[in-house]
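The structure under discussion appears below in the form of structure tokens.
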Amino acid sequence: MRCMYCNCTESKVIDSRSADDDKTIRRRRECMSCGRRFTTYETIEVSPILVVKADGNRQAFDIGKIKRGIIKACEKRPVPIEKIDEVVNEISKQVYNSMEQEVSSKAIGEMVMEGLKGLDEVAYVRYASVYRSFKDISSFMSELQKMMEKKDEK
């Protein structure tokens, strides 16, 4: 780490603390040459992940977009934001743990639907109706019947 005052590359760490909900380490350093102190922050470097859309276009992975979609599906439903955050965090973990540079929007949509299925059935149906773009009432009803059959099995 180069000193911001004298450009010396030798410094010692005086204090280290966790910051930003344990996602960052804050280090207080002292330059070995001029003796002045400065602060550095260390974070994990995240590799960019691209989402491949159905038409072949690619976009940067945006977890905020997923959260907004889930919130929209859960609108006017008794779903606490903490539960939504859990689903969003789980999807984010799955995407980053896949170790892939690209992930299909279809795979992400399936992850969201799987998370919503365990969260709220009405939110699941709302999301599925947009995601699967039901053409008519019969395709909508067939999805509902699949849900009912799975519920009866449990």
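The values are calculated or read from the model by the stated rules, or taken from the named source; none is laboratory data. Since this is a predicted model, take the numbers as computed values, not measurements. Virtual Cβ from ideal backbone geometry, glycine too; neighbours counted across all protein chains shown. The protein model used for the area step is the full one, side chains on, heavy atoms only, and it has no ligands, DNA or RNA in it. Shrake-Rupley method; radii C 1.70, N 1.55, O 1.52, S 1.80 Å.
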Quiz item: Taking R0 as 22 Å, what's the FRET efficiency between K93 and Y41 from their Cβ-Cβ distance, rounded to 0.05?
Solution: 0.40
Exercise. Grab the Cα-Cα distance for I137 and S105, subtract it from 0.36 nm times how many residues apart they are, and report the gain in nm with one decimal.
Key: 9.0 nm
Self-check item: Fraction in percent of alpha-carbon pairs per bin - 10 Å, segment 16-154
Solution: 10, 29, 28, 15, 9, 5, 2, 1
Exercise. Mind jotting down the distance between the C-alpha centroids of segment 37-59 and segment 95-116, whole Å?
Key: 15
Self-check item: List K53, K65, ordered by accessible area with a 1.4 Å probe, largest first
Solution: K65, K53
Quiz item: To the nearest 0.05, how large is the calculated FRET efficiency for K23 and V52 if R₀ is 41 Å and r is the Cβ-Cβ distance?
Solution: 0.90
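Over segment 74-130, what is the relative contact order in percent, taking alpha-carbon pairs closer than 8 angstrom and at least six residues apart?
On the way: 23 pairs, mean separation 25.3, N = 57.
Normalised by residue count, the contact order of segment 74-130 is 44 percent.
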